[in-house]
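Values in this text are rule-based calculations from the coordinates and carry no lab data. Remember, it's a predicted structure, so these values are computed and weren't measured experimentally. Methodologically, a virtual Cβ is constructed for each residue, glycine included, from the backbone with ideal geometry; neighbour enumeration extends over all protein chains shown.
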Amino acid sequence: MKLDTNSFFMKISLPKRYYDNYIISQKYNYESKKFFEYFDEFCPTELDKDKQNKVVTKLKNIRDDIQNNFNSINKVFKFYEDIDIAKAQIEFENFMDSIKNDLFLTTIDDWNEIECNLTKIRQTTTSNFFRIRPVEHPSDEIKNNPYELFHIPITKRQYSNNERFSLAGFPCLYLSTMLPLAWQECHCPKIYYYSKFRYRAQVNEPFVKRNFDTEPKFLSLYAPYEINEYGNFNKYHNFELWLATITKYLKIYPLVLACSFININGKTPYKQEYIIPQMLMQWLYHHIDEIQGITYFSCTNMTSVTDKWCAYNLVMPASPPYDKDGKYSKKLLETFYISRPMLYSLPIMDKAKTYSNKLFIEDKLKKINEFQTKYKPIDDIGNCVETIAEFLSCVIAIFEHCENSDTNLLLHYLYSLKINWVLLHNKGNDKLISAKKNKLCKNDEKMLEVFEQLYHEIFSDHTRQCNIYNILYKYIDFMWNDLTTDTDIIIYGFNLDEIKEIEEWLNQRHLLFYCKNLAKHSEIVTDLNEFTKTSGGKIGKLLKYKTKTINGAKKKFVLIEHPFIIIQTSNTMYSNKNKIIFKNILHELEECLENGLYNL
């Protein structure tokens, strides 16, 4: 039976999770055999016959190369199990040298050069990266020192541990492209500090064209679903590029697989699934002048939401030279702007914050219990009411016992309750009520009337805020900390020189910013018009001469007093109305910030 592209990449999905004790070499050998079973069945039947034949021919041509790569990794495992670590590393180095032309070497935001084409494989890339530090209570030491969330200082290298892409004693900077993923990677702490890192080359891109040759290079390890998603468009619209991409990927799949094993029950100091990732880190140190980091998909349990975000992680060794105190890598300091650490605690863990929602749900449960006591409903109505009562009791129990709950388990409970709300909504729907109306005697009509009222009260339109569904949804969002208010600074100017002073001032205070080039008239005027609409102002505020329209602004554009700054506070369903503040004098911005007028 032939496997189309979607089916094939689903069959070879990663990571591989095992729940029992196992020997890594045996599992790797088993997975390699399964891979070839699927590989030999792979035929992109969704494409026309001519393209199918091209793919099948290409697959036949690379099959031996893939087998050789699996064999090389197996040799590494064999040397390692024979306690010949030196030979294992030599074999691995030789293997990496043999696949060097098939590696995906990318920029930090995933620009690849494949067959002379610049392309991005990951759907979601960004200039922002995140790092968190779990804590048990607020800490002034962390709050007042942005570098607390940078890499472990070289002077404290003894605290760096062995992890999947980490070697004990060799500090690295670990970042995630989304805060929720960083939270998951740190095992979902209840309270933590987080910092945002912004890639410098992208900040100044409006003024200085990026030179990928001078930027840090990353070895990018992709999950099969990322390659598959990339192909959903390109295999139809850029077939040759897609074919070249999957060819490269399948040839290095043995390496990606070897880095993607998880032992769910493994809590011992020695983790055999880390053998190849740690050897890859050693190889990276040996080639640090050519490749400065690795980007990789998460091996955490992402079944809830995050696989849909296409978020990914990156690691960059803290290589020399170091700063004047001998603590931090100069190269990494020059690569990112770093925000001040911000404290976040999960609202659902605080009974004071959940109290009003708990009372709201308890009121619904009280009414359900009173209904059961008074009317003693039977059949479908009785079963529905009993199930609703159990559902409400479960929600209340979460609020009562959340302080001591495992956060990852709690998150899955909330998702489950949200789904159950939908199922119950359908179970007690208007069709059930309508059907019962035709069968009940007059004595039961009042019972049905009260039930109908209760049902609509509990399962009201879930676009409203005061609603059990939205309460659950809100606490899920707050656990991810992905939709809270964010503040940004945008610097507008005609060239890099005139905004240099502002950039330095903001960087010294660890306030992150973007740049916009005023030379791009139409684009900028449209942006400013949207900003002023949101803040309730007029675009003429930025000009020496009054104007109320975009066309008027374009005519007067050269008269803008520049550079100027916009402080933009994002708007979410859980935040206040968006506020945009215009400032064109640096000391005014400083005064506002020092007086605590803006939460940056």
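Net length available on complete extension from D350 to N21 is 114.6 nm, with 0.36 nm assigned per residue and the Cα-Cα distance removed.
Measuring against 29 Å, Cα to Cα, the residue pairs K190/K516; K16/K78; K143/K474; K34/K58 contain K190/K516 as the ones spanning a longer distance. Output the pairs from K196/K500; K196/K251; K75/K217 with a Cα-Cα distance over 31 Å in this structure; if there are none, say none. From the list (K196/K500; K196/K251; K75/K217), the Cα-Cα distance tops 31 Å for K196/K251.
Among S127, S98, S260, sorting on how many other beta-carbon atoms sit within 10 Å of each Cβ, with the fewest leading, yields S98, S127, S260. Electrostatic tally near K54: other residues with Cβ closer than 15 Å to its Cβ, Lys and Arg +1, Asp and Glu -1, net 0. Note on A168 and F36: the extension gain reaches 44.0 nm, defined as 0.36 nm multiplied by sequence separation minus the Cα-Cα distance.
The C-alpha radius of gyration of region 246-286, expressed as a fraction of 2.2 N^0.38 Å, stands at 1.37.
Here I142, I264 are placed in order of increasing Cβ neighbour count within 10 Å, fewest first, which gives I264, I142. For K366, go through the aspartates and glutamates and keep the ones whose alpha-carbon is under 17 Å away, minus same-chain ones fewer than eight residues off. Excluding near neighbours in sequence, the set is E386, E390, E400, E452, E457. Look at T155, T373, T387 and count the other Cβ atoms within 10 Å of each Cβ; fewest to most, that gives T373, T155, T387. Taking a straight Cα-Cα cut-off under 18 Å and skipping sequence neighbours fewer than 8 places away in the same chain, the aspartates and glutamates within cross-link reach of K49 are D4, D40, E41, E240.
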